[in-house]
Amino acid sequence: MKLRITDKDLAELTVEQKQNLCDLWMPQAYDVAVASVCVDAAEEKYNQITFVIGGLNISKRNDIILYDMKFLPDNIFTMPDENNSESDADTDTEHHDDSLNDDFAEDFSIDEDFSFELQRPESFNKEDCLPLLDIGQMIDILERKNFGDCDFSLSVAFDDKTFDMGKVSSLSEMYSGDNNCELCDILWHSLKAVL
């Protein structure tokens with residue numbers, strides 16, 4: 001069963017649809033996204049980087065920064081030890097300041113073997129990213145965009161009860177023939193119509 005859209009699905013969108021999708025997307029931790037990263041400014045070449053969101057930050061200008069989970073430190077979710085005394089904290093601060101100065105000096109040393117190859121960024125601006133939406137996210141966006149107003153419906157029969165979502169037309173009328181569609185693909189086609 002296909003659980004989320006792919007890069008190929010995103011490639012089908014127009015520039016306007018991509019912008020609308022980015023605007024409708026509310027990123028959360030553990031979402032999968034694709035970032036467009038410039039690899040050659042002279043020739044305006046871009047690569048697509050797929051990543052899992054490990055954290056978010058909203059800047060003072062209301063820009064949303066998405067952090068790649070791959071680069072988050074392993075101890076980010078640990079709680080600091082509350083048993084440290086103030087004198088230990090002062091010693092730690094002095095030691096931390098010294099190590100920062102050492103790191104600063106190392107960062108600005110001249111290295112003749114410097115590599116000009118692109119290094120994978122640790123964070124991305126939301127406006128440079130598109131989500132690889134899963135089924136739940138697509139249903140959420142369709143719900144926010146009043147999916148009942150379009151020709152999308154879903155009907156599930158369980159025992160003697162039937163649960164309907166959307167208009168009252170049946171899926172068999174929409175996808176007649178031998179087409180065996182995945183739920184993810186049906187939702188994606190509906191979402192593209194809304195975008």
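Derivation of every value follows stated rules applied to the coordinates shown; laboratory data play no part. In this text, all values refer to a predicted model and were calculated from it rather than measured experimentally. Cβ: placed from backbone, ideal geometry, glycine included. Neighbour counts: every protein chain shown.
Things to note:
- A simple spin-label model places the labels of residue 140 and residue 125 2.4 nm from each other, with each point 7 Å out along Cα-to-Cβ.
- Other-chain or far-sequence residues with amide H under 5 Å of residue 123's (modelled H): 68
- In region 9-65, the trypsin sites (Lys or Arg not before Pro) that fall in loop regions by DSSP, at most 11 other Cβ within 10 Å: 60, 61
- Proximal lysines to residue 2, defined as alpha-carbon separation beneath 20 angstrom and excluding residues fewer than eight positions away on the same chain: 192
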